[in-house]
Amino acid sequence: MAYAGPVRPTETATVVWHPVAAGAVTIAGGPLGARQAANRAAAIPSGLKQLREAKNVLNLEIAAGRAEGEAVGPIFADSDVHKWLEAAAWEYGRSADPALLDDILELTGLLEKAQADDGYLDSVVQLRGLERYSELEWSHEHYCAGHLIQAAVAYSRTTGRAELLDVARRVADHLVATFGPGRNPSLDGHPVIEMALVELYRETGERSYLDLAKHFVDTRGRGTITGGRDVGYYSDRVPVREATTVEGHSVRAVYLAAGAADVAAETGDAELLAALETQFASMITEKEYLTGGLGGRWEGEAFGDPFELPNDRAYAETCATIGGIQWAWRMLLATGKAGYADQIERMIYNGFISGVSQAGTEYFYVNTLHLRDRSVPDHDRTPARGRVGWFACACCPPNVMRTFSSLEGYLASTDADGLQLHQYLPGTVEAGGLKLTVATDYPWQGKITITVDQAGSGETTIGLRVPAWAEGATLTTAAGTDQVTAGEYASVRRTWQAGDQLVLDLPLTPRLTAPHPRVDASRGCLAIERGPLVYALEQADQAESVAVDDLRLDPAGALAEERREDLLGGVTLIKAAGSGPDGPVELVALPYHLWANRGPQPMRVWIPLR
Ligand SMILES: [Zn+2]
């Protein structure tokens, strides 16, 4: 079934491209396919178990009148159930497992029962008898509602069933009746409701949801959110359409920006879109780690000042990179600029999948770029503990789950002329009158073979993203082999026949990357990259146990590849010339996202020069 993915702009939205329906894309293996399979087989069952043990589900049972007791956990405990429900809904869409549906319906039944007559639904606030919306800067009531709405949209799209959507619509109708011009002017401290309301508008056609989302975007940035922190923490210092950068809590900032991009698309607001382009450019130039990690400050889980990007104290919350992917996808659809798809790729292959173990059931909250020798695990979230099964504040694990579960929704798009492939995963894509098979061992190898299995009549354009790092890339068609330009889409227009092939060859020569000269923390260092993958030195791979912290890189030395099928499910290592305290030594780098799959141990991305 060609169900829509997480983002489905309306036909009248001002977007250059529309996403290919998630249900019209399949992923068949490859590293991300393996992660997606582990997500379904291990993470989602484990996640529900964790939500039961942490009593998030019990809160709903009590609120539904099916159990007794007091609410347990953080005020936003419901949101993690909602994110799990969203993940489960996408999984059910891909493959309809009755047991999974039973779990979805059990939780949906609890939400129906727990919901107040006027549509309000937040079990922790209800059970604790707190006054609704009295502390919206910290109560996360809109945040919980937003995640519920997103889950309901996913369930509606994948099943066509209304149970959860009915609950979500009652929540949204209640919000519309309560907030907006002439009503309660308060804003939630943690955005996500903006994205959610726009998507609910897209799903139902109810204009008041879009209007309320626009209201929340338009009224933010006026310093009205008080709650013990500087207004910048809540992205409430500068109006969204006047801001030139991102600031404050990184997850909040990118969720807000993604929601603003949705509002801009559905209202044709070119000024707002332009402001978001400026903010995104500032973020990736000044406030993003090489890994796609966002947020250089532990304090406030925040973006720091421009170029404040410490490696050993990187925060780079998994959720922030996920929000970055969501924002970048909306910007890609709105602008058709390849750089946004490059960013999605950087984030997915590095700062996102670093957030979860290969097995799929252990998580990093914080994605550091440097773990020092003898680092002390002094904090719930410290990377020095390695990945763990759950957190007291468990935002990241179910966020990882729903992202893997909806990954098909971020890979391809269409326009009136044809279709565009943004990410290269093995599998199939059906859109624009074409059915394609993509065969590739990317990102380990750079050859991507696209075969036309079915074609309609008339000319259609296939656009293929050529990443900005892929200088020297070639595209082979029936007419021959041509160089294609890095950082753009290579387009081929013709009347396709079944059996036609396109072969895109992206050179994956390992490269050394220099930091921005203003990033003091990385000055005098280089990083190793290969294709979309950022590499790191991890202690387990280094010869003679020379401490990672003592290794130096010789930038004049050659970079050599070594394929190791026996290591971590198959991995391409890169060997570089360098030195330790006692003389020359070979440095061995592995993809950053795989670090700490052999236990926590010293690691660094940026390597000092000899
Ligand atoms: Zn998180």
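Would you tally the residues in segment 492-545 being open to solvent by less than 60 Å² (accessible area, probe 1.4 Å), over 30 Å from LEU371 (Cβ atoms) and either under 25 Å from the mean Cα position of the chain (by Cα) or acidic (Asp, Glu) (or both)?
The qualifying residues number 2.
Restricting to segment 319-335, and then to whatever is within 16 Å of the ligand (Cβ to nearest atom) and of a type in the set (S, T, N, Q), can you tell me which residue is surrounded by the most Cβ atoms within 10 Å (Cβ to Cβ)?
Going through segment 319-335, the residues within 16 Å of the ligand (Cβ to nearest atom) turn out to be 319-327.
From what's left, of a type in the set (S, T, N, Q): 321, 326.
Details: THR321: 34, GLN326: 25.
My answer is THR321.
How many residues does segment 43-94 contain that are open to solvent by 30 Å² or more (accessible area, probe 1.4 Å), part of a helix (DSSP H, G or I) and of a type outside the set (Ser, Thr, Tyr)?
Matching residues across segment 43-94 total 8.
Name the one entry in SER405, SER354, SER413 that is within 16 Å of the ligand (Cβ to nearest atom), buried (at least 23 other Cβ atoms within 10 Å of the Cβ) and among the small types (Gly, Ala, Ser).
Of the residues listed, the single one that is within 16 Å of the ligand (Cβ to nearest atom), buried (at least 23 other Cβ atoms within 10 Å of the Cβ) and among the small types (Gly, Ala, Ser) is SER354.
I'm trying to understand the selection: among the residues of segment 4-22, which are in contact with a helix residue (DSSP H, G or I) (Cβ under 6 Å, 6 or more places away or on another chain), within 23 Å of THR437 (Cα to Cα) and surrounded by fewer than 22 Cβ atoms within 10 Å (Cβ to Cβ)?
Residue satisfying the conditions is TRP17 alone.
With respect to TYR442, determine if the residue is in a loop (DSSP other than H, G, I, E, B) and within 20 Å of GLN343 (Cα to Cα).
Details: in a loop (DSSP other than H, G, I, E, B): yes; within 20 Å of GLN343 (Cα to Cα): yes.
For TYR442, the condition - in a loop (DSSP other than H, G, I, E, B) and within 20 Å of GLN343 (Cα to Cα) - is met.
Could you list, in sequence order, the residues of segment 363-387 that are among the aliphatic types (A, V, I, L, M) and either within 12 Å of the ligand (Cβ to nearest atom) or surrounded by fewer than 17 Cβ atoms within 10 Å (Cβ to Cβ) (or both)?
The answer is VAL366, VAL376.
When you look at ASP117, is it outside any helix (DSSP H, G or I) and either out of contact with any Ser or Thr (no Cβ under 8 Å at 6 or more places or on another chain) or among the small types (Gly, Ala, Ser) (or both), yes or no?
Numbers: outside any helix (DSSP H, G or I): yes; either out of contact with any Ser or Thr (no Cβ under 8 Å at 6 or more places or on another chain) or among the small types (Gly, Ala, Ser) (or both): yes.
Yes; evaluated as a whole, the condition is true for this residue.
Would you call ALA37 open to solvent by 10 Å² or more (accessible area, probe 1.4 Å), without any contact (Cβ under 8 Å) to a residue 12 or more places away in the chain and either assigned to a helix (DSSP H, G or I) or acidic (Asp, Glu) (or both)?
yes
For segment 303-310, state whether one or more residues are without any contact (Cβ under 8 Å) to a residue 24 or more places away in the chain, within 16 Å of the ligand (Cβ to nearest atom), more than 15 Å from ASN350 (Cα to Cα) and open to solvent by 30 Å² or more (accessible area, probe 1.4 Å). Walk me through how you get there before you give the answer.
Step one: list which residues in segment 303-310 are without any contact (Cβ under 8 Å) to a residue 24 or more places away in the chain, which gives 304-305, 308.
Remaining after also requiring within 16 Å of the ligand (Cβ to nearest atom): none.
There is no residue in segment 303-310 that is without any contact (Cβ under 8 Å) to a residue 24 or more places away in the chain, within 16 Å of the ligand (Cβ to nearest atom), more than 15 Å from ASN350 (Cα to Cα) and open to solvent by 30 Å² or more (accessible area, probe 1.4 Å).
Checking the conditions here, which among ALA576, ALA589 is of a type outside the set (Val, Ile, Thr) and over 25 Å from TYR363 (Cα atoms)? Walk me through it before giving the result.
On the way: ALA589 fails: over 25 Å from TYR363 (Cα atoms).
Among ALA576, ALA589, only ALA576 is of a type outside the set (Val, Ile, Thr) and over 25 Å from TYR363 (Cα atoms).
How about segment 462-575: which strands (runs of 3 or more DSSP E) wholly inside it have at least 3 residues that are closer than 26 Å to ARG610 by Cβ and modelled with pLDDT under 95?
none
Just the residues that are of a type in the set (D, E, K, R) and buried (at least 22 other Cβ atoms within 10 Å of the Cβ), please, taken from segment 267-296.
Of everything in segment 267-296, those that are of a type in the set (D, E, K, R) and buried (at least 22 other Cβ atoms within 10 Å of the Cβ) turn out to be LYS287, GLU288.
Pairs under 6 Å by beta carbon, first residue in contact (Cβ under 8 Å) with a residue 12 or more places away in the chain and in a helix (DSSP H, G or I) in segment 396-408, partner within 9 Å of the ligand (Cβ to nearest atom) and polar (S, T, N, Q), six or more apart or different chains?
The qualifying pairs are CYS396/THR318.
Spot the failing condition for ARG252; the list is (1) away from the ligand (no atom under 16 Å from the Cβ); (2) in a helix (DSSP H, G or I); (3) not small (Gly, Ala, Ser), and only one is missed.
(1)
Would it be correct to say that ALA394 is within 15 Å of the ligand (Cβ to nearest atom) and either crowded, with 23+ Cβ neighbours inside 10 Å or within 24 Å of LEU85 (Cα to Cα) (or both)?
yes
The values are calculated or read from the model by the stated rules, or taken from the named source; none is laboratory data. Please read these numbers as outputs of a predicted model, since none were measured by experiment. Because the Cβ atoms are built from the backbone with ideal geometry, glycine has one as well, and the counts that use them run over all protein chains shown. For accessibility, only protein heavy atoms count, side chains too; no ligands or nucleic acids. Shrake-Rupley method; radii C 1.70, N 1.55, O 1.52, S 1.80 Å.
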